[in-house]
Amino acid sequence: MRIVLQKVSSAKVLVDKKILGEIGIGFVLLVGIENSDGQKEIDYLARKISQLRVFADQNDKMNLSITDVKGSILSISQFTLYADTKKGNRPSFINAGDPEHAKTIYQAFNQSLTNHNLRVSTGEFAAHMEVNLINDGPVTIIFDTDHK
């Protein structure tokens, strides 16, 4: 799995101009899945993200987790994180997970985040989405379970 995490002060996702998910302070997660991903990757990433300390404490140091600040997550499926751009000018997505498998893993991942006492909003799997966010910091962190 690959996740691009952005710490935000607010974010929302729209499909056909309708807001499907909206959060205040928290994380926007762009979630990419490949066919080899399973429960091991889900557990690892849900734990890492729920415990990631990137919010400012009283001394303005990045020392608090999303649960400490009572933040939320906006989770967006993003197969393009597995784009292969090595050859030509049109990316190949052959490394992205099969849609049926990816949807199952994506839903299980979001449920795992919820099981870590996080509020999770989502977009719509495989839909064309508009994601609006205000990146706070900016803080952007990339997770890749192939490189943990």
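The values are calculated or read from the model by the stated rules, or taken from the named source; none is laboratory data. Values in this document were obtained by computation on a predicted structure and should not be read as measured data. Don't worry about glycine lacking a Cβ; one is built from the backbone with ideal geometry, like all the others, and counts go over all protein chains shown. For accessibility, only protein heavy atoms count, side chains too; no ligands or nucleic acids. Shrake-Rupley method; radii C 1.70, N 1.55, O 1.52, S 1.80 Å.
With an 8 Å Cα cut-off and a minimum separation of 6 or more residues, compute the relative contact order for region 71-148 in percent.
Reported as a whole number, the value is 36 percent.
Work out how much length Ala56 to Lys103 would gain on full extension: take 0.36 nm times their residue separation and subtract the Cα-Cα distance, in nm to one decimal.
13.6 nm
Can you tell me what share of the DSSP beta bridges in the chain is antiparallel? A percent to the nearest 5 is fine.
Values: 27 of 37 bridges.
The antiparallel fraction comes to roughly 75 percent.
In nm, to one decimal, how far is the Ile134 label point from the Asp146 one, both placed 7 Å along Cα→Cβ?
According to this spin-label approximation, the distance is 3.6 nm.
I need the shape label for region 1-65. Rule: rounded when a/c is under 1.5, else prolate if a/b > b/c, else oblate, with a, b, c from the alpha carbon gyration tensor.
It comes out oblate by the Cα gyration axes.
For region 7-148, report the accessible area per residue in Å² (1.4 Å probe, heavy atoms, rounded to an integer).
In whole numbers, region 7-148 has 59 Å² accessible per residue.
If I fit a long axis through the Cα atoms of helix 39-51 and take the longest principal axis of the Cα atoms of the chain, what angle between them do I get, 0 to 90°, rounded to 10?
Roughly 30 degrees, rounded to the nearest 10.
Find how much the distance from Val15 to Tyr44 grows on full extension, using 0.36 nm per residue of separation minus their present alpha carbon separation; answer in nm with one decimal.
7.5 nm
Local charge sum around Asn63 (other residues, Cβ-Cβ under 10 Å, Lys/Arg +1, Asp/Glu -1)? Mind dumping the intermediate values first?
On the way: positive: Arg53, Lys61; negative: Asp57, Asp60, Asp68.
It works out to a net charge of -1.
State, to one decimal in nm, how far the label point of Gln111 lies from the label point of Glu124, with both points 7 Å from Cα in the Cβ direction.
Going from the Gln111 label point to the Glu124 one covers 2.3 nm.
In what order, largest first, do Tyr44, Tyr106 sit by accessible area if the probe radius is 1.4 Å? List each step's numbers first, then the result.
Details: Tyr44 50, Tyr106 10 Å².
So, going from the largest accessible area down, we get Tyr44, Tyr106.
Tally up the carbon and sulfur contribution to the accessible surface of region 57-115 as a whole percent, 1.4 Å probe, everything protein left in place.
C and S fraction of accessible area: 48 percent.
For the chain, just the Cα set please: Rg and Dmax, both in angstrom.
Rg and Dmax of the chain, Cα atoms, are 15.2, 50 Å.
Strictly over 32 Å apart at the Cα level, which of Lys17/Lys86; Lys48/Lys103; Lys61/Lys103; Lys61/Lys86; Lys17/Lys103 would you flag in this model?
As for pairs spanning more than 32 Å Cα to Cα, those are Lys17/Lys86; Lys61/Lys103; Lys61/Lys86.
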